[in-house]
1. Would a scan of the stretch 299-319 turn up a residue that is at pLDDT 95 or above, touching a strand residue (DSSP E or B) at 6+ places or on another chain (Cβ under 8 Å) and either within 30 Å of ALA59 (Cα to Cα) or basic (Lys, Arg) (or both)?
2. In the set ALA112, ALA145, which member is more than 21 Å from ASP65 (Cα to Cα) and of a type in the set (A, V, I, L, M, F, W, C)?
3. Which residues, counting only those in the stretch 106-130, are in a helix (DSSP H, G or I), out of contact with any Lys or Arg (no Cβ under 9 Å at 6 or more places or on another chain) and either among the acidic types (Asp, Glu) or surrounded by fewer than 20 Cβ atoms within 10 Å (Cβ to Cβ) (or both)?
4. Go through the stretch 243-257 and give me each residue that's within 20 Å of LEU48 (Cβ to Cβ) and surrounded by fewer than 15 Cβ atoms within 10 Å (Cβ to Cβ).
5. Could you identify the single residue in ILE242, ILE236, ILE301 that is closer than 27 Å to ILE117 by Cα and hydrophobic (A, V, I, L, M, F, W, C)?
6. Going by the conditions given, is ASP257 under 30 Å from GLY311 (Cβ atoms), under 18 Å from the mean Cα position of the chain (by Cα) and acidic (Asp, Glu)?
7. If GLU184 meets every condition in (1) over 16 Å from ILE118 (Cα atoms); (2) in contact with a helix residue (DSSP H, G or I) (Cβ under 7 Å, 6 or more places away or on another chain); (3) in a loop (DSSP other than H, G, I, E, B) apart from one, which number is that one?
8. For the structure I just gave you, tell me whether LEU206 is of a type outside the set (Lys, Arg), buried (at least 22 other Cβ atoms within 10 Å of the Cβ) and more than 17 Å from the chain's Cα centre (by Cα).
Amino acid sequence: MTKFKFPIIFPIVILSFLVALECNGQSIQAKIETVTGVVSSENIGFTLVHEHIMSNFGADPSDIDSYDEDKLFKQVLPYLKSLKESGVETIVDCTTAYFGRRVDLLKTISEASGVKIITNTGFYGAAADKYVPEFARTASTSELAAVWISEFEEGISGTEIKPGFIKLAFDDGIPSELDLKLFEAGILTHLATGLTIAVHTGDNPLAVKAQIALLEKYNVNLSAWIWVHASKSSDIGYLTEIASKGAWISLDGVNKDNITSYVEMLKVFKSKKLLERVLLSHDGNSYPRGGAVRPFEAISISLIPTLIKNGFSDSEIHQLVVVNPGNAFSVRVRKN
């Protein structure tokens, strides 16, 4: 494999290659939904799996999807173009409905920047349920799933844009009935669509156990589930235990000040031959309520060069930022 060459600014160029997935012992070509249409996994390239192109987190839910579009484009487009020049091909956007999701703007931004963007269906149940719509509190599990399945089958908000994954979130502590209902609806949606379930969970082992129990109840393989913000857990042994069962472990808080801790975590996964279950990102935001960019280039600038200095091979880095995202977000039902 050709060695990566690092320019002074945004130091990474990664070539994508065909990702073969195994399903019931047979190699299949993965399909991934983006806001500009379906792509195969061989074309996903270097992918950041948990970022926000824009969001209005903290705003009142009644005005959550309103943006100054001129200002938005002037700030976001140059930033994404610079990421594209550095080698980033795809960004998974984790801003949900009722949290600031605007798929029409995402499509415009994707087409103008050349960066593929994956959007989502689902509701954000953290933040004390502030961004869960009122109807979801009384709707049944199947009624919630029907809403999300409809977005996948018919498109989001009257467009032809389809979600590429299901985004959910748990609050801290003992999971609430609402969080569990939303997650169960997510499982039903996965079984109907093949979309992967990414769940804001953080350092909450009670939520992890509850989610795994529901996946097992429906005979859904753990590879259909992403433990989002797993990097907030200090129990690396528990992270590797869950990874060994097939789950995706999302280490998605990379920034310029914590590179050493991420390298150490990745060394543990490597020692246990579990790099194939790890996802990397920053949880950045290129337009946070109209504020300055919360950057998401530290993986390119700092983490990857440091990994190379610590003995990680080109193929291992490629596994982390190209192969694993292609596998994680491929659209297919994953049952035991």
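The values are calculated or read from the model by the stated rules, or taken from the named source; none is laboratory data. None of the values given here were measured: they were computed from a predicted structure. No Cβ is skipped: glycine too gets one built from the backbone with ideal geometry, and neighbour counts run over all protein chains shown.
1. yes
2. None of the other options fit; the residue is ALA145.
3. LYS107, THR108, GLU111, ALA127, ALA128
4. Within the stretch 243-257, LYS256, ASP257 qualify.
5. It is ILE301.
6. no
7. (3) is the only condition that GLU184 fails.
8. Spelling it out, it is not the case that LEU206 is of a type outside the set (Lys, Arg), buried (at least 22 other Cβ atoms within 10 Å of the Cβ) and more than 17 Å from the chain's Cα centre (by Cα).
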